[in-house]
1. Pick from GLY43, GLY35, GLY66 the residue whose mean-square fluctuation is largest in a GNM of the chain, springs joining Cα atoms under 10 Å.
2. I want the antiparallel fraction of DSSP beta bridges within the chain, as a percent rounded to 5.
3. So for the chain, considering every pair of alpha-carbon atoms, how many percent are separated by more than 22 Å?
4. Any idea what the relative contact order of segment 4-82 is, in percent, if you count C-alpha pairs under 8 Å spaced at least 6 apart?
Amino acid sequence: MSDRTRAHVFVSGKVQGVYYRANTRDAAREAGVDGWVRNLADGRVEAVFEGPEDAVESMVEWCHEGSPAARVEDVEAEYEEPQGEDGFEIRY
């Protein structure tokens, strides 16, 4: 009966130092999506979105734009079984 889904996303381009994580958090909370976002050492941003399928899908789409200062080159999304994320946070 679960209409929840989980997307594990990797975003590449100019996505660090441009408020990408903060904007992702705000957008996810507004969409009612749980999960987290963090910078990776290789310059990409990694995020997990968990929630209703349409809300998760909209967040994956949102990642293609991201924050106003970002220049997104690529978004890879893998879909997985939900793991019960609660709330949305920036991880360091």
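1. GLY43
2. Around 90 percent of the beta bridges assigned by DSSP in the chain are antiparallel ones.
3. 17
4. Taking the mean separation of contacting Cα pairs over the length of segment 4-82, I get 49 percent.
Values quoted throughout were computed directly from the atomic coordinates according to the rules given, and no laboratory measurement underlies them. Because the structure is predicted, anything quoted here is derived from the model rather than measured.
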